[in-house]
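Take a look at the following structure, please.
Bear in mind that the values in this text are calculations on the coordinates, not laboratory data. Bear in mind that the values here come from a model prediction, so they are computed numbers and not experimental data. Cβ coordinates were reconstructed from backbone atoms using ideal geometry, including for glycine residues, and neighbour counts include every protein chain displayed.
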Amino acid sequence: MVDSGLVWGATIVYVVIMGLLGYLGWRRTKSGSDFLLAGKNVHPFIIGLSYGSTFISTSAIVGFGGFAGAWGLGIVWLAGLNIALGLLFAFVFFGKRVRKIGQKLKSQTFPELLGSTYNSSFIRWFVAVVILLGMPLYAAAVLIGGSTFMYQVIPGLDFNGALIVFTFVTAAYVITGGLRAVMYTDAFQGVLMIVGMTAIFLITMSLLGGFDSANQQLTNLAPQVPATYKAQGMVGWTAFPTLGSDNWITLVTTIILPVGIGVLAQPQLAVRFMTAKDSKALNRSIPFGGVFLVMTVGLAYLIGAWSNVYFWDNFGQVSIVKAGSINNIIPAFINASQDQVIVVIFMLTLLAAAMSTLSSLFHVMGSAAGYDLFSVVTGRDRFKKYATTQNTAKGSLRVNQVATLIVIFVSFVLAAELPRSGGIIAIATSMFFGVCASAFLPLFVQGLFAKRPSVLAAKLSLAIGAVAWVLWTTFACKTTASVFGVVQALTGKPSIFTGALAVIDPILIALPLSTLTLIVVWVLDKNSRMDGRGVAGA
Amino acid sequence: MAMAISHVRRLERRTLLLGVDDPWIAAGLIFMFGSGVACVIYGIWKWNAEEED
């Protein structure tokens, strides 16, 4: 049992530091522009760590780390994709274009960037609506993950109490300090996550006799794979599942591809590119982000898988049997194997992971409602035109703050009402990454790179990608359909399909459809493509 | 006993890299760590590069 004084002391120190950084952000936030883009001169170190810590939430550490514990190291491909595609490729090929176009069009949010690129109010509000419909579920899942661990570790706190404290602390600095406070706290939380995960990794590695030895022992555990997992295609923790098996399909199509590709069109990540002063700042932030991702997700997956060796040696059970559920594997391993100081550091690591992601989600939802939708609804599409005086700048700040408060409340209610079991954290994460990729990625790429982009192609691709994703998610994919329960209520079955079709992730249907729509319409729409107005050609 | 030792030796012989016997997993580990190293190298390489904005 962890000493309650140690837990409370560490939590209080953590909250005080968050408060100080939030105060620093608040002092420097004077206008709507400050609230939205942090003055566009953020230090590379902060950009890199903020990008990484926003990207990585509790679901990556506890959810996917636990997945590695149950299903093995195949998931390291996701970590590789996260770093190579989600960070290096994203910064080099997307980041610089986003920053340049955002600066040229004076865009301050992801919906405004896409709307301005195509000179289309429809695209702007549609993107904002997708964010406002899809993101609260993701935010609620992150809230559930953080609150669950908080109440398990902090003595005298129940789930509802943890949820209230967690929401309140995050809301306080997001609403008052905007993106400055979000990024300052992200950087601190990023450092904390690196320190925490590195410490746990080194201790685990020394417990198991080194890197190669840990993997070798894990390899030798292959005969202990549970029978139900074997039936689904698992052959060991250091082996990729059998090609085409249920386990292979889940790993590749539900986890590696949606999360690996989906990161390229994440609004809360794309907005980070617009906070850089110049391309040099973006280049300089890449090493910080890369190291962060290796030291957090990379190590979490290894720790999750290696926990099997520890549990087998000490309790004669593999992780999923000992811990009882995927989400409990990493916490159970830390509690069983580590000193109480490390347990507390891990608690803070998870709090930091959840809070850094959550604050960015709150901020993006607040700006989508208070800036993008508000601008379209009030006919102020070119918001910056009236945000030029001190009073209007303060007015825009106030609108953003009120909108952020509302979306935080919605996320809080969702988190209180949603079921806390059934892998909701990983499912909701994968769902949001999937809808972003399906709806936004094709028109985002066209807007950034096409010399003569087609507005019609962009609009149709956006609409078809979003609708196809919603339909497949609600009716076809049994994992996601079970979250909504519509098919279950109507037919008594988890999906309208059976067999392989029922396990295909929505992104594998919706993204090809939206991409194909964009290409076909772009080819047909020769006469009304943008020319000159299109920033991509400029 | 002899069979068990022979089994362990067979497992050890199959090990390719980093204590892992499946090339897909070994490649995944190399991909993951290699991508991290690539980020560091790229950032240092471009640290002072002036790029057209």
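Where the centroid of each part is defined by its Cα atoms, how far is segment A:81-132 from segment A:163-198 in Å?
23 Å
So what is the relative contact order for segment A:145-302, in percent, with contacts set as C-alpha pairs under 8 Å and at least six apart?
Computed value for segment A:145-302: 17 percent relative contact order.
Check which residues have an amide H placed less than 5 Å from A:Val235's amide H, if you skip close sequence neighbours.
Long-range HN contacts for A:Val235: A:Thr242.
From the phi angles alone, apply the Karplus equation (6.51, -1.76, 1.60; θ = phi - 60°) to segment A:61-74 and give each ³J(HN,Hα) in whole Hz, x where the residue is Gly or Pro.
Karplus values, whole Hz, x for Gly and Pro: 7, 7, x, 6, x, x, 4, 5, x, 7, 10, x, 7, x.
A follow-up question, please. When the chain is fully extended, how far beyond the present Cα-Cα distance does A:Ser528 get from A:Leu490, taking 0.36 nm per residue of separation?
Stretched out fully, the A:Ser528 to A:Leu490 stretch lengthens by 9.3 nm.
Which value, in debye to the nearest 20, describes the size of the charge dipole of the protein assembly as shown about its Cα centre when Lys and Arg Cβ atoms bear +1, Asp and Glu Cβ atoms bear -1, and nothing else is charged?
The calculation lands at about 1820 debye.
Which ordering of A:Thr480, A:Thr117, A:Thr253 is given by a fewest-first count of other beta-carbon atoms within 10 Å? Present the calculation step by step, with values, prior to reporting the outcome.
Values: A:Thr480 22, A:Thr117 29, A:Thr253 18.
Ordered by Cβ neighbours within 10 Å, fewest first: A:Thr253, A:Thr480, A:Thr117.
Can you check how the C-alpha radius of gyration of segment A:323-372 compares to 2.2 N^0.38 Å, as a plain ratio?
Ratio of Rg to 2.2 N^0.38 Å for segment A:323-372: 1.65.
To continue, here is another question. With θ set to phi - 60° and the Karplus curve 6.51 cos²θ - 1.76 cosθ + 1.60, what are the ³J(HN,Hα) couplings of segment A:161-168 in order, to the nearest whole Hz, using x for Gly and Pro?
With coefficients 6.51, -1.76 and 1.60, one gets x, 4, 4, 5, 4, 4, 5, 5 Hz.
Hey, another quick one. Among the lysines, which have Cα under 23 Å from the Cα of A:Lys451 when same-chain residues fewer than 8 positions away are ignored?
Straight-distance partners of A:Lys451: A:Lys96, A:Lys100, A:Lys104, A:Lys106, A:Lys459, A:Lys526.
I've got another one for you. Counting other C-beta atoms within 10 Å, which of A:Leu293, A:Leu397 has the fewest, and how do the rest follow?
Ascending Cβ contact count within 10 Å gives the list A:Leu397, A:Leu293.
Fewest first, what order do A:Thr474, A:Thr167 take by the number of other Cβ atoms within 10 Å?
Fewest-to-most ranking of A:Thr474, A:Thr167: A:Thr474, A:Thr167.
For the charge dipole of chain A, defined by +1 on Lys and Arg C-beta atoms and -1 on Asp and Glu C-beta atoms about the Cα centroid, which residue among A:Val294, A:Ala463, A:Ile406 has the Cα displaced farthest towards the positive pole?
A:Ala463
Using Cα pairs closer than 8 Å and at least 6 residues apart in sequence, work out the relative contact order for chain A, in percent.
On the way: 935 pairs, mean separation 147.9, N = 538.
In percent, rounded to a whole number, it is 27.
What number do you get for the protein assembly as shown when its Cα radius of gyration is normalised by 2.2 N^0.38 Å, N = residues?
Normalised by 2.2 N^0.38 Å, the Cα Rg of the protein assembly as shown equals 0.95.
While we're here: Each label point is 7 Å from the Cα along the Cα-to-Cβ direction; what then is the distance between the points at A:Ile12 and A:Gln103, in nm?
Reported label-point gap for A:Ile12 and A:Gln103 is 4.7 nm.
Moving on to the next point. Distance in nm between label sites at A:Ile164 and A:Thr242, each 7 Å beyond Cα in the beta-carbon direction?
Output for this residue pair reads 5.2 nm.
Separate question: Run the reach check for A:Lys230 against lysines, Cα to Cα strictly under 28 Å, same-chain hits fewer than 8 apart removed. What comes back?
A:Lys322, A:Lys478, A:Lys493
How fast does segment A:104-201 diffuse by Stokes-Einstein, in µm²/s, taking the Kirkwood radius from C-alpha pairs at 37 °C and 0.692 mPa s?
Stokes-Einstein gives a translational diffusion coefficient of 202 µm²/s.
What 222 nm value per residue comes from the helices of chain A, counting each DSSP H run with n ≥ 4 as -39,500 (n - 2.57) and dividing by all residues, nearest 500 deg cm²/dmol?
Calculated from helices alone, the mean residue ellipticity at 222 nm is -22500 deg cm²/dmol.
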